């Protein structure tokens, strides 16, 4: 019994010391812990970096049946929504969005330039839809700028 009492006292003492050394729990520490454990720190579940590590493009695009999403689609979904939320918090991201938009458009052009005829034929419908989709939303951008008075009519569309 004496041994159990000593063990209990030592355990409580060690626990108390551990609690004292730990930083106080704050809203910031809780949010950072949640962000980090879903990003790149193993905790109760697998983090996203571990989940996508080592996949080939073919594996990332694989889907099980109709209506299910591929790993690539799910990862893109997370990128899209996380970036969208980040941009709400940080207005400095606008320059990055402009740069990324230019970059993705340039990369699409390079892929078409380098593709062989068979690839072009298999991609033609999707690429045509991309072009139409881009034109539609670019028109929306110009319209919004005209409404806010930030559009220079000398750049086209008066």
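Bear in mind that the values in this text are calculations on the coordinates, not laboratory data. Bear in mind the structure is a predicted one, so any value in this text is a computation, not a measurement. Please note: Cβ atoms are built from the backbone with ideal geometry, for glycine as well, and neighbour counts cover all protein chains shown.
Give me the distance in nm between label points sitting 7 Å out from Cα along the Cα-to-Cβ direction at residue 138 and residue 44, one decimal.
The two pseudo-label positions are separated by 4.8 nm.
Springs between alpha-carbon pairs under 10 angstrom, Gaussian network model over the chain: which of 125, 23, 70 fluctuates most?
Of 125, 23, 70, the Gaussian network model singles out 23 as fluctuating most.
Relative contact order for the chain: what is it in percent, counting Cα pairs under 8 Å that are at least 6 residues apart?
Computed value for the chain: 6 percent relative contact order.
Nearest 10 degrees, 0 to 90: what angle lies between the long axis of helix 117-148 and the longest principal axis of the chain (Cα atoms)?
The angle comes out at about 90 degrees.
May I ask for the angle, rounded to the nearest 10°, between helix 94-114 and the longest principal axis of the chain, with both axes built from Cα atoms and the value confined to 0 to 90°?
With both axes taken from Cα atoms, the answer is about 60 degrees.
Would you mind checking the tilt of helix 2-21 against the longest principal axis of the Cα atoms of the chain, expressed as 0 to 90 degrees and rounded to 10?
40
Gain in length, residue 129 to residue 158, computed as 0.36 nm per residue apart minus the alpha-carbon separation, to one decimal in nm?
That works out to 7.8 nm of additional length.
Restricted to Cα positions, what overall size does the stretch 75-114 have along the principal axes? Three whole-Å values, descending.
Sorted from largest, the Cα extents of the stretch 75-114 read 38, 23, 6 Å.
Residue separation times 0.36 nm, minus the C-alpha to C-alpha distance between residue 76 and residue 98: what's the value?
6.1 nm
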